[in-house]
């Protein structure tokens, strides 16, 4: 099936009406006063205007910094088929009026959950929108590969048609350096489920070229992301790079000597947790020691610096000398990675999911302490994809787009009640009962106060009885309307696998198999990063 532009419709609903976003994110989107101390400029055009000026005056976007970044990227792209758009963007990073828009993501197998695409497309679209709104500046989209992560269990699989496609291998070191050995078996298994359509052949080629013809996970991931998004000028960066790590040495020295991040983020968390859930807690030293075999924490103990679970030990002077000799062995953890990003890129904005943006909100004071501009934080586009067939079913069942987000039991109750010939809602009866007992309580107070407890107990008993009758009647109506119940349950389960957002569960290959590159094309054309609303796209 091939879609044309007219076949794709987009609808939007506020994030708070989905029920899937935290209080932290909703307060941030509403710019509530209590959350304002934790961010810098808000993601709107006025905020970007201020951010450009702030970043422009930072010494971190000096000509020398830009040259190191440009040379590193050119080196990283030597063996990559680079689009003209990406090549131009890499060259433009040398100009003082060029800024980046960045998203980061783990090296999930075959891109992992759908929201990988939404992150990248949000980043590309925002760069394009800002280029249009601020014609004197250049804006380039960056995908920061999390090559130094070591949480292999989080990235070693993807879901395809409700089945887990998994890569099993021994864990150890930064995932970007992992050999792609063992992925032939994964490819053979995945291929069985694809068929032989034109789109299936493309997906097979993308997987095999990526994982079977590249030696490590970083290069494989880069190949796949570049194939999907290179034509839009996306720059893919691997920060596990000695030349880039050299730029970060002064901040690593400060971390090792003064434990700045621990002090600043701890102080922020004390205030943050009064209103919101803390996402990350700092350690005294927020660095790992990274080799091909290990990624272990650096700790300070008995006046010595040590690498956990190893025999590696340094004095302070020895450690600082080692840092300057091999900076690539010092890897920032979740607290320091954002700082590393903002040190090496002329960046204005970080685009992430709700959990990511929440932990970035804990870092502003740390950035200020080390004199690095804190970027704008933008919640990525979130999308619910609905096929035309599913959309027609929703219309037939009289379910609105907002109603599909209602919890399943509540949705069933609502629709069964709406379709029932008798009322299965005893709200009026319960209200009547409440009024009757209010009058009884007044009489009890005037005659014998000890009688009030007995009245309260009787009220609870009567209300409980009504609730039980209501449940039995609803159960009977569900049996009577079993076809409606079945249709609603089946459809909502399709849209929300495991009662979760589809974007966190499914892989892009399911939609690519059916719609081909039109799927990415429609997302690119319809998603608006600064709209700050949840998108529903009907294909």
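Coordinate-derived values only; no laboratory data. The shown structure was predicted, so the numbers you read here are calculated from the model rather than taken from an experiment. So basically every Cβ, Gly included, is an ideal-geometry build from the backbone, and we count neighbours across all protein chains shown.
Would you mind calculating the gained length between residue 395 and residue 84 on full extension (0.36 nm times residue separation, minus the Cα-Cα distance), in nm to one decimal?
107.5 nm
Hey, any idea what the orientation-averaged projected area of the convex hull of the stretch 66-205's Cα atoms comes to, in nm²?
10.3 nm²
If you average the C-alpha positions of the stretch 278-333 and of the stretch 372-390 separately, how far apart do those two centres end up, in angstrom?
Distance between centres, Cα-based: 35 Å.
Throw me the Rg/Rh for the stretch 173-321, computed over C-alpha atoms with Kirkwood Rh, two decimals.
1.11
In whole angstrom, how long is each semi-axis of the equivalent ellipsoid of the stretch 35-75, when you take the square root of 5 times every eigenvalue of its Cα gyration tensor and sort them from largest down?
Each semi-axis is the square root of five times an eigenvalue, giving 28, 11, 10 Å.
Alpha carbon centre of the stretch 104-127 versus the stretch 176-233: separation in Å?
16 Å
Cα centroid distance between the stretch 130-164 and the stretch 8-52, in Å?
20 Å
Ranking request for peptides 123-132, 272-281: highest mean number of other beta-carbon atoms within 10 Å first, then the rest in descending order.
Packing order, densest peptide first, comes out as 123-132, 272-281.
Using only the alpha-carbon atoms, how far is helix 408-419 inclined from the longest principal axis of the chain? Give it as 0 to 90 degrees, nearest 10.
In the chain, helix 408-419 runs at an angle near 40 degrees to the longest axis.
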